[in-house]
Amino acid sequence: MALSARKKPKKRKKKLVGAKAEAAMRKRGSEALGFLLLLIGLAFVLMLASYTPGDPSFSVATDAAPHNLLGVFGSYIADPLHKALGWAAYGIPLALVVWGGRLMTHIGEKRALMRGIMTPLAIAVAAVFLAANTPPATWPAQFDYGLGGIFGDIVLEFILKTVPGNISMTLLVSTLVLAALTALAA
């Protein structure tokens with residue numbers, strides 16, 4: 001004789017808080033995360049704006065006190081960011097501040113994940129675009145890289161060597177395409 005298998009009723013989990021309280025906690029959590037991103041973004045701006053090549057870092061050994069507004073910590077982060085991305089490194093605090101503000105005001109929260117994934121690509125494209133431009137006269141002579149940092153210089157060099165034709169025309173077209181992609185990604 002076969003015994004019939006009876007389904008046991010599933011136990012319902014009792015919610016700790018109601019739906020309204022949960023929604024309110026999610027909203028406050030989003031605002032808190034936005035405020036934190038805003039503060040981190042502002043710290044990045046201070047760190048990058050006060051970057052000095054002679055400050056102590058992974059590539060500079062010195063006993064001198066750092067000029068960076070965030071001290072030794074700031075100089076150790078700003079140096080590799082500046083060398084790798086140049087002025088495109090300012091895309092990091094820009095993204096943090098924008099998304100901090102969006103989370104605090106609840107504007108476009110649903111798109112945060114996809115836009116967060118696209119942010120590094122936008123910063124990379126901006127670095128290559130900046131590399132295609134001539135540094136200003138105030139650009140320190142000790143920098144052996146352009147406005148887009150080492151990353152921008154390497155990728156731009158690869159583009160110019162790969163695309164056949166006149167290098168001046170390739171540079172012009174590349175700059176225009178990269179400017180459009182940078183604007184689109186932003």
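Counting the residues of the stretch 91-125 that are within 26 Å of A78 (Cα to Cα) and among the acidic types (D, E) gives 0.
Close contacts from the stretch 1-28, counting a first residue that is more than 21 Å from T105 (Cβ to Cβ) and modelled with pLDDT under 75 and a second that is of a type outside the set (S, T, N, Q) and open to solvent by 100 Å² or more (accessible area, probe 1.4 Å), with Cβ to Cβ under 8 Å and a gap of 6+ residues or different chains, come to V17/M25.
Looking at the stretch 154-166 only, could you name the residues that are of a type in the set (V, I, T), more than 21 Å from the chain's Cα centre (by Cα) and surrounded by 12 or more Cβ atoms within 10 Å (Cβ to Cβ)?
Passing the criteria: I159, V163.
Apart from one condition, G41 fits all of (1) out of contact with any Asp or Glu (no Cβ under 9 Å at 6 or more places or on another chain); (2) more than 25 Å from Y90 (Cβ to Cβ); (3) among the small types (G, A, S); the exception is (2).
Under the condition of being assigned to a loop (DSSP other than H, G, I, E, B) and surrounded by 10 or more Cβ atoms within 10 Å (Cβ to Cβ), the residues counted in the stretch 127-144 number 5. L147 meets all of the listed conditions (1) of a type in the set (A, V, I, L, M); (2) part of a helix (DSSP H, G or I); (3) open to solvent by less than 20 Å² (accessible area, probe 1.4 Å); (4) over 16 Å from G41 (Cα atoms) but one, namely (2).
Put simply, of A112, A95, A88 the only residue that is at pLDDT below 90, in a helix (DSSP H, G or I) and either on the phi < 0 side of the Ramachandran plot or open to solvent by 20 Å² or more (accessible area, probe 1.4 Å) (or both) is A112.
Being farther than 30 Å from T105 by Cβ and open to solvent by less than 20 Å² (accessible area, probe 1.4 Å) is the filter here; which residues of the stretch 30-70 pass it?
D55, P56, S57, N68 - these are the residues of the stretch 30-70 that are farther than 30 Å from T105 by Cβ and open to solvent by less than 20 Å² (accessible area, probe 1.4 Å).
For the stretch 61-75, the set of residues classified as touching a helix residue (DSSP H, G or I) at 6+ places or on another chain (Cβ under 7 Å) and in a loop (DSSP other than H, G, I, E, B) consists of P66, N68, L69, L70, listed by residue number.
The values are calculated or read from the model by the stated rules, or taken from the named source; none is laboratory data. The model shown is predicted, which means the values in this text are computed figures rather than measured ones. As a convention, Cβ positions derive from the backbone with ideal geometry for all residues, glycine included, and neighbour counts pool all protein chains shown. What goes into the accessible areas is simple: the full protein's heavy atoms, side chains included, and nothing from ligands, DNA or RNA. Shrake-Rupley method; radii C 1.70, N 1.55, O 1.52, S 1.80 Å.
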